[in-house]
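> Provided herewith is a single structure, encoded as structure tokens, for subsequent inquiry.
Bear in mind these aren't lab numbers, they're just calculated from the coordinates by the rules spelled out. Just so you know, these numbers come straight off a predicted model, no measurement behind them. Backbone-built Cβ (ideal geometry, glycine too); neighbour counts: all protein chains shown.
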């Protein structure tokens, strides 16, 4: 039972354009959501997060949107840069569950120069 | 470097041997987590500690897996009688007790031949 799903295994975007990565979840107890970026052979690097009491959080080129009714979140990267090419994971947690993260399967983003 | 530190970074072992991985969390982080990641999948939660107490271990993959955090600082993850299916990246992460953001180490690659 996959509680967090990233339905697009890969995404290709031109440099300077917007990248939109999507994530869906099924567990209504999740109340905190995070995005991580991962390069090959390295651990995940925290990017941005959002609490369920908000619907948007912005940090520089990265914005995360949360639609609780649809159980959907998305990560927008504007403008996309070649250095953004990596695998992006969304993760969710129930703060009553000790911050154990449930991850999606990841989306590989390729930003072409 | 004050991030999460893991060693060894790579380990090749023969089937049936025991292996141990070490994790040094970010100092003053109360919580320490172990995850496993296989190719093409998101990280999968294994276990976590709050200080020296192991609060969740039901997700450890089998009784061959065990983890310790004897003094509430570093942690070890041991896999006994390794099998080829244990080949994966083992990730350690840490966070503050009250923090929602979890920071990962670089990971330890295990290859069982």
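> If contacts are Cα pairs under 8 angstrom and at least 6 residues apart, what is the relative contact order of segment A:15-113 in percent? Please report the intermediate quantities before stating the final value.
Numbers: 215 pairs, mean separation 32.7, N = 99.
About 33 percent, as a whole number.
> Right, next: Output the relative contact order of chain B, whole-number percent, from Cα pairs under 8 angstrom with separation of 6+ residues.
37 percent
> Looking at segment B:1-99, what % of the alpha carbon pairs are farther apart than 19 Å? Write out the running numbers ahead of the final one.
On the way: 1892 of 4851 pairs.
Of the Cα pairs, 39 percent sit more than 19 Å apart.
> Could you calculate the FRET efficiency of residue B:56 with residue A:110 from 1/(1 + (r/R0)^6), where r is the beta carbon distance between them and R0 is 45 Å, rounded to 0.05? Intermediate results must be reported in sequence, preceding the final value.
Working: r = 36 Å, r/R0 = 0.80.
Computed FRET efficiency for residue B:56 and residue A:110: 0.80.
> Moving to a separate point now. Could you bin all the Cα-Cα distances of chain A into 5 Å bins starting at 0 and give me the percent of pairs in each, rounded to whole numbers?
2, 13, 24, 25, 20, 10, 5, 1, 0
> Let me ask something else about it. In what sequence do B:47, A:45 fall when counting other Cβ within 10 Å, fewest first? Kindly include the intermediate steps, with their values, before the conclusion.
Details: B:47 23, A:45 14.
Ordered by Cβ neighbours within 10 Å, fewest first: A:45, B:47.
> Among A:56, A:38, A:71, what is the fewest-to-most ranking by other Cβ atoms within 10 Å?
Ascending Cβ contact count within 10 Å gives the list A:56, A:71, A:38.
> In whole angstrom, and with the biggest value first, how far do the Cα coordinates of segment A:1-65 range along each principal axis?
Extents along the principal axes, in whole Å: 36, 28, 21.
> Per 10 Å bin from zero, what fraction in whole % of the C-alpha pairs of the protein assembly as shown is there, up to the bin with the longest pair?
Histogramming the protein assembly as shown at 10 Å steps yields 8, 33, 35, 19, 5, 0 percent.
> For chain B, set up a Gaussian network in which alpha carbons nearer than 10 Å are linked by springs, and say which option among B:24, B:63, B:86 fluctuates the most.
B:63
> Considering only C-alpha atoms, what is the centroid distance from segment A:1-77 to segment B:62-92, in Å?
Segment A:1-77 and segment B:62-92 have Cα centres spaced 29 Å from each other.
> Now a separate question. Residues of B:103-110, mean number of Cβ from any other protein chain within 10 Å of their own Cβ, rounded to a whole number? All intermediate terms of the calculation are to be shown ahead of the outcome.
Values: counts 5, 8, 3, 3, 5, 1, 1, 0.
For peptide B:103-110, the averaged partner shielding equals 3.
> Evaluate 2.2 N^0.38 Å with N set to the residue count of segment A:30-81, then give the Cα radius of gyration divided by it.
Values: Rg = 11.8 Å, N = 52, 2.2 N^0.38 = 9.9 Å.
Normalised by 2.2 N^0.38 Å, the Cα Rg of segment A:30-81 equals 1.20.
> Relative contact order (percent) for segment B:60-113, with alpha-carbon contacts under 8 angstrom and 6 or more residues of separation?
Relative contact order comes out at 29 percent.
> Per-residue Cβ counts within 10 Å, from other chains only, averaged over B:85-92: what number is that?
On the way: counts 0, 0, 0, 0, 3, 0, 3, 1.
The mean count of partner-chain Cβ atoms within 10 Å per residue comes to 1.
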